[in-house]
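Notes follow the structure.
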Amino acid sequence: MEKSELIAKFAQSDEDKLLFARVLDKMAAAERRNIPAATNFLTAREQALIGPMLRAAGCADFHFFGGAENAERAVCCFLPDYLDESYLSSEDSPIAAVHAAFRAQDAISHRDLLGSLMGSGIKRETVGDLYVGEGRCDFLVTREILPYVLQNMTSAGRAQLSLSEIGFDALTVPPARVQEKRESVSTLRLDSIVAAGCSLSRSSAAELIRRGAVTLEHLPCEKPDKAVAPGSVISIRGQGRLKLASVDGTTRKGRTAVTILKYL
C-alpha cells in the first residue's frame, strides 16, 4: 500500500496525517540506511493508531519503548537486523532517564515539573512519563535533548532541582492506585463493563459511549455493544480509567463474572 493510501486509511485528523508521514519517513530512513531510528514520544492513542498502520505497511520490526513497564508515552523504534530489543535499554537508547532531586518539604506536582520543562522551551513530544515522589521525580526524555535538560532544568515551582541521568533500572515508578471490583455482567459489551466499573446504570453508560466520552484501547468508541476483551483498557471522561482484568466464568444465575480494575 502506498504511503498516501496508508495515511488516508488510518489517520483520523490532519494532525494524524502529519504524524503518520513523519513515522513512515523514520521507517523508510531506517530501512534505507540500515540504522536504528526512533520517533518522538507518542501518546497511547497515537501508538494504538500507528501499530496497525505499520503492520499494513509490511513493517514487523518496530518497538514501542517508554523506559518503564506500562509507560503511557513511548517512542516508536525501528531496528536493523543486527540489533535486538536490548538496544532500547542500552546507553545508545533513543531515550534517556533523568532523576530530579529536591527538598522533600518543597512538595511539587506533576504539573509543576511538566510546566518547568515546557517553560524551558522543551516540546511536549520530547518528554515521556514523569514519576513524582517525595523529594524526587524521575522522567524520560529523548536523548537529543538530554544535555539541554541537564543544563537548563534548575527549578520547578518553588523547588530547586538537582538533575542527573540514571539507568532505566533505577527509575522509581509509584505504584498505581487501583480499586479491584468483582462484578457480574449479562454480557461483555462495552456499556455493561462501563456500567459495572463506574457504578452506573447501563443506559447511562450507553449514553456516555454514544456521546463520545469513552475510549476503548485508547481509541474513541461510540458503539455501546462493542465487545470488550480481557486486558482491554477503557477511559471514561469524568469517570477515570478501567481495565477488564479477567473474565472469571459464569455465575449460578448465568451471568458472566468479571474482575475490573478502576484506577484512582
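So which trypsin sites (Lys or Arg not before Pro) in region 192-244 are both in a DSSP loop and have at most 14 other Cβ atoms within 10 Å of their Cβ? Don't skip to the end; give the middle numbers.
Numbers: sites: Arg202, Arg210, Arg211, Lys226, Arg237, Arg241, Lys243; in loops: Arg211, Lys226, Arg237.
The qualifying sites are Arg211, Arg237.
How much area per residue is accessible in the chain when the probe is 1.4 Å and only protein heavy atoms are counted (Å²)? Numbers along the way, then the final one.
Details: 14140 Å² over 264 residues.
On a per-residue basis, the chain sits at 54 Å².
When the solvent-accessible surface of protein heavy atoms is calculated with a 1.4 angstrom probe, in what order do Leu113, Leu216 fall, highest first?
Numbers: Leu113 0, Leu216 25 Å².
From most accessible down to least: Leu216, Leu113.
Given a Förster distance of 51 angstrom, what is the FRET efficiency for Ser109 paired with Lys253, based on the Cβ-Cβ distance and rounded to 0.05?
Values: r = 46 Å, r/R0 = 0.90.
It comes out at approximately 0.65.
Give me the one-decimal Kirkwood hydrodynamic radius in Å for region 65-127, with the sum taken over alpha-carbon pairs.
Taking the inverse mean of 1/r over all distinct Cα pairs, region 65-127 comes out at 14.1 Å.
In whole percent, what relative contact order does region 44-197 give with Cα contacts below 8 Å and a gap of six or more residues?
Details: 195 pairs, mean separation 35.8, N = 154.
Rounded, it is 23 percent for region 44-197.
Taking the convex hull of the Cα atoms, report for the chain its projected area averaged over all directions, in nm².
Working: hull surface 66.2 nm².
With the hull built on Cα positions only, its mean projection is 16.5 nm².
Could you pull the accessible area for Met1 with a 1.4 Å probe, rounded to 10 Å²?
Using a 1.4 Å probe on the heavy atoms, I get roughly 120 Å².
For region 141-261, taking Cα atoms only, what is the radius of gyration to one decimal and the Dmax to the nearest whole Å?
20.3, 63
With every protein chain present, what accessible area does His218 have (1.4 Å probe, heavy atoms only), rounded to the nearest 10 Å²?
Roll a 1.4 Å probe over it and His218 shows about 70 Å².
Would you mind telling me the share, in percent, of accessible area of region 86-208 contributed by carbon and sulfur at probe 1.4 angstrom?
On the way: 2890 of 6250 Å².
Reported share for carbon and sulfur atoms: 46 percent.
Please tell me the relative contact order of the chain in percent, rounded to the nearest whole number, where contacts are Cα pairs under 8 Å and at least six residues apart. Let's see the in-between values first.
On the way: 463 pairs, mean separation 37.5, N = 264.
Worked out over the chain, it gives 14 percent.
Under a 1.4 angstrom probe, counting protein chains only, how are Phe64, Phe10, Phe139 ranked by accessible area, largest first? Intermediate results must be reported in sequence, preceding the final value.
On the way: Phe64 75, Phe10 35, Phe139 0 Å².
Sorted by accessible area, descending: Phe64, Phe10, Phe139.
Which of rounded, prolate or oblate describes region 1-82 when judged by the alpha-carbon gyration tensor and an a/c cut-off of 1.5? Intermediate results must be reported in sequence, preceding the final value.
Details: a/c = 1.85, a/b = 1.07, b/c = 1.72.
Since a/c reaches 1.5 but b/c is at least a/b, the shape of region 1-82 is classed as oblate.
Using the scaling law 2.2 N^0.38 Å as the reference, what is the normalised Cα Rg of region 37-147?
For region 37-147, the normalised Cα radius of gyration is 1.16.
Once ligands and nucleic acids are excluded and a 1.4 Å probe is used, how much of Ser199 is accessible, expressed in Å² to the nearest 10?
Taking all protein chains as shown, Ser199 has close to 90 Å².
Okay, which of region 41-70 sit inside 13 Å, backbone N to the point 7 Å along the Cα-Cβ direction of Glu85?
Label zone hits: 61-70.
For Glu91, Glu31, Glu46, give the ranking by accessible area with the largest first, probe 1.4 Å. The partial results should precede the final answer.
Working: Glu91 165, Glu31 125, Glu46 45 Å².
Descending order: Glu91, Glu31, Glu46.
The values are calculated or read from the model by the stated rules, or taken from the named source; none is laboratory data. All of these numbers come straight from a predicted model, not from anything done at the bench. FYI the Cβ positions are ideal-geometry reconstructions off the backbone, even for glycines, and counts take in every protein chain you see. Please note that ligands, DNA and RNA were not included when accessible areas were found on the heavy atoms of the full protein model with its side chains. Shrake-Rupley method; radii C 1.70, N 1.55, O 1.52, S 1.80 Å.
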